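Here, each number is a calculation from the coordinates, and none is a lab measurement. It should be emphasised that the depicted structure is a prediction, and the values quoted were computed from it without experimental measurement. Positions of Cβ are generated from backbone atoms using ideal geometry, with glycine treated the same way; all protein chains shown enter the neighbour counts.
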Amino acid sequence: DRFGQIEPKVLITCAGYRYAGKVIDQSSKLNEILERLPSLQQLIIVPYARPQARPEEYQTRAHVALWDDFYSPGGEPDFVAVPFDQPLYILYSSGTTGVPKCIIHGTGGVLLTHLKEHGLHADLSRDDCLFYYTTCGWMMWNWLVSVLAIGATAVLYDGSPFHPGPERLMDLIDQEKISVFGTSPKFLATLEKAGLQPRLSHDLGSLKGLISTGSPLSPQSYDYVYREIKPELCLSSMSGGTDIVSCFVI
């Protein structure tokens, strides 16, 4: 419903992934999608959690290559200047009122608004580290990777936020020295329900900001964060949107 509308020529995907200790094979789902993408010319498979993946598993007329056979690291990127309104991202509406609708975002506008939100609103700089727990399909992923534009570090995480235990992402804050941690109200409510007291079990010295979106943050969760996570913290319940690939309120 989404990819078919834009008639892609190249698709990069993984053969499988891990979630909560289990390996999820993507082959069957991918073959269903490939049936509906007659425009495809190149399929690139990242084996990831299925190191045994082979090109012949995928049913498509496109050329199929494994990532290691397609790409060799090394050298310097070749940057190309583009017009301000050059298309950068295609995001999609939720699909609640029919087929998901394409929303095209331009390079200049996205870059400017993300620089503003990262540098001014989130107080991030070259010495900081940003984490947001998000899927690649949510606009917060696009927002997260833009932090590279101000020279900050982006931390990517794949898998369950509660595996092997509810303290997993609190461990990550200390391990990666995360400055601003992004999550959802449900995550914070789950930590409280589990009885976690990160201020007692973790250092959290690097953490200066905690941002939450997806739904409004309850007064109870505000209290929990300042009582049990860290009192010296800027906690922001923000509101954004796919249609602006940024924040209405931050």
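Ordering 24, 59, 45 by Cα displacement along the dipole of the range 3-70 toward the positive end leaves 24 in first place; charges were set at the Cβ atoms of Lys, Arg (+1) and Asp, Glu (-1). With the convex hull of its Cα atoms as the shape, the range 179-244 has an orientation-averaged projected area of 4.5 nm².
Restricting the range 1-74 to chymotrypsin sites (Phe, Trp or Tyr not before Pro) that sit in a DSSP loop and have at most 12 other Cβ atoms within 10 Å of their own Cβ leaves 71.
Structural descriptor for the range 140-250: relative contact order 24 percent, calculated from alpha carbon pairs under 8 angstrom and at least 6 residues apart. Put in order of Cβ neighbour count within 10 Å, fewest first, the listed residues 199, 227, 126 become 126, 227, 199.
Restricting the calculation to alpha carbons of the range 13-119 gives Rg and Dmax of 18.0, 46 angstrom. In percent, rounded to a whole number, the relative contact order of the chain is 14, using alpha-carbon pairs under 8 Å and six or more apart. Exposure proxy ranking for 44, 104, based on other Cβ atoms within 10 angstrom of each Cβ and starting from the fewest, stands as 104, 44. Both the radius of gyration and Dmax for the range 3-70 are 11.9, 36 Å, in that order, over alpha-carbon atoms.
Since only 119, 109, 98 are under comparison, the one whose Cα sits farthest along the positive direction of the charge dipole of the range 67-160, derived from C-beta charges on Lys, Arg, Asp and Glu, is 98. Charge dipole (Cα centre; +1 on Lys/Arg Cβ, -1 on Asp/Glu Cβ; no other charges) of the chain amounts to roughly 480 debye. Helix content alone sets the calculated 222 nm mean residue ellipticity of the chain: runs of n ≥ 4 DSSP H residues at -39500 (n - 2.57) each, divided across all residues, give -6000 deg cm²/dmol.
If you wrap the Cα atoms of the range 87-249 in a convex hull and average its projected area over all directions, you get 9.8 nm². Over all other residues within a Cβ to Cβ distance under 13 Å of residue 174, the charged ones net out to 0, with Lys and Arg as +1 and Asp and Glu as -1.
The order of 96, 134, going from fewest to most other C-beta atoms within 10 Å of their C-beta, is 96, 134. Between 78, 174, 68, the Gaussian network model of the chain with springs among Cα atoms under 10 angstrom shows the greatest mean-square fluctuation at 78.
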